[in-house]
Structure formats: structure tokens, C-alpha cells
Amino acid sequence: MLHEKKFYLAVLLSVAAIIAGTVWPETKKDSPLACGTFLELLNSSLQSQTVLFILPLAAVLPCGEEYLREKDSRFLRFLIIRRSKAVYCLDKVVTTALSGAIVWFLGAFFAGLFFFLLFFSREALWNWPMSTIFTLLATLGRILLSASSLASLSAVAGALGGSVYLAFGVPFLLWYACIILRERYFEALYCIDPTEWIMAENDWGSNQMGLWMFLLLLALFCAVLHWIVLKWELREI
């Protein structure tokens, strides 16, 4: 994964989306910025419409069609002979699930570094508010779990459909189908809305634990589904 150009393209795409979704603060000459400005900028950018649009695209780029490429190049049989079906499936499931999360973690890191270099020296005090840090980490954590689910779903769609277009297109279509369904038909059913998964604007229980459990179970479900599909696809090899 780390040797693939598409992985670095996905990271670059995530960084560009975060920066493009930034609402830049007003700066005045000789007037310092509020403490933690660069952290607040990163948090608000991670919740922007630009990031919500790019998230299902960047998350699936590294490993969405990896199985199809190995199968078409006949490299798959060599991998199975060298190791085993069980080891191959486990490796592919774990790598795919982590790929989407790693892309967005690195994207947030480099975008945060950019904001740090741009604004930190102009802040009033060099003291990061803990509440801002916790809020940022929570937003990032929800994005990473969502990206992991999307990456696994992409691999499932590609393996079942046998098409790269399905691998890249199905997660994006489902992502926006859920948003449209909530906005137009089921306004009270906010649990199906990916926008809510990232922004956590509604009541999910104490400390939003319901949302964390939902996203964690969704990521695990997509990973298990990926493992089942791979086992089925490899049954005759």
C-alpha cells in the first residue's frame, strides 16, 4: 500500500480537501489571534462540506480495487500458494480497513502542520486549550472510522461486482444516498446520515457514546463482510 502512487494521491487529495474547506480567520495587523486558532481551523475544516464530499473518494483509493488487480494479473494465485487463503484474507481485510483511516490521519496531520506553521506564531499565548484538542480528536476519530468502513465497503463492491468502477463508485453513491434519504424523507432518522457521523450534532447519549459504538460496529461489520466475500471468492482457487 505504501509503495503505491494512488496512496499518496489519496493523502494529497485529503489535504487539499481540508485546506479548501477552511474558513480563514480575519487577521489584523498587530492583533494576535486567539489561542488554539490553528486547532480550531483544523477541526472546522474536517467538518466542511468539501471534506464530506471528498471523504468517500480518498478513503477508497489505496486498496479499493487491490483484489481485482491481483486477480487479473494472476498474482493472486502466487500469493495464496506462498502463504495460505486464511492469511491472505486476514492480511487483505486488515490492510484495507486501515488504509482509509491512514489516508485521512495523514491528511489531517499535514493540514494541521500547515495551519500550525501559518498561524501558531501569531497566537496570543502558546497554550493549547484541552477542550479544543479533545473536540479535534473526536472529530478526527469519527472520520477515521467512517473512512475505514468506506474502504472495506469499496473492496466488497469490487470483489462482488468484478469492476473497478463499482469499487470506487458504490461507496460514494451509498454515502450520498444516505444523506439525501435523511434530508428529504427521514429527517428524524439522523443515524443514517454520514454528515451526522462526522459532526455529531444530535443526541447519541452520554459523551456521544452511541455514535462511537455505531461507527465502531459499522467498521467491524464492513471488515467482516469483506472477509466473508474474500473467502467466497477464493473457494475455487
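The values are calculated or read from the model by the stated rules, or taken from the named source; none is laboratory data. Small disclaimer: the values here were computed from a predicted structure and weren't measured. Glycine also receives a Cβ, built like all others from the backbone with ideal geometry; neighbour counts cover every protein chain displayed. To get the accessible areas, we keep the full protein, side chains included, count just its heavy atoms, and leave off ligands, DNA and RNA. Shrake-Rupley method; radii C 1.70, N 1.55, O 1.52, S 1.80 Å.
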Q) Got a number for carbon plus sulfur as a percent of the chain's accessible area, 1.4 Å probe? A) 68
Q) Could you give the angle, 0 to 90 degrees to the nearest 10, between helix 5-20's Cα long axis and the longest principal axis of the Cα atoms of the chain? A) 30
**Q.** the range 59-118: trypsin sites (Lys or Arg not before Pro) in DSSP loop, at most 10 other beta carbons within 10 Å
**A.** ARG74
(Q) Between ARG74 and ALA86, what is the label-point separation in nm under the 7 Å Cα-to-beta-carbon projection? (A) 2.9
Q | Pairs of lysine residues in the chain - Cα separation under 22 Å, sequence separation of 8 or more or cross-chain | A | 9
(Q) Suppose all protein chains stay in the model; what accessible area per residue would a 1.4 Å probe give for the chain, in Å²? (A) 54
Q.
Looking at the chain, identify the longest residue range that excludes and avoids all chymotrypsin sites (Phe, Trp or Tyr not before Pro) in DSSP loops having at most 11 other Cβ atoms within 10 Å.
A. 1-125
(Q) Which residue fluctuates most in the GNM of the chain (Cα springs below 10 Å): ALA108, ALA177, ALA138? (A) ALA177
Q. Net charge near GLY100, counting Lys/Arg +1 and Asp/Glu -1 over other residues with Cβ under 15 Å of its Cβ?
A. 0
Q) What is the spin-label model distance, in nm, from LEU113 to TYR8 if the labels are put 7 Å beyond Cα along the C-beta direction? A) 1.4
**Q.** Rg over Rh [alpha-carbon atoms, Kirkwood Rh] for the range 100-237
**A.** 1.06
Q. Counting Lys +1, Arg +1, Asp -1, Glu -1, what net charge surrounds LYS6 among other residues with beta carbon under 15 Å of its beta carbon?
A. -2
**Q.** Heavy atoms of GLU183 accessible to a 1.4 Å probe, total area in Å² rounded to 10
**A.** 110
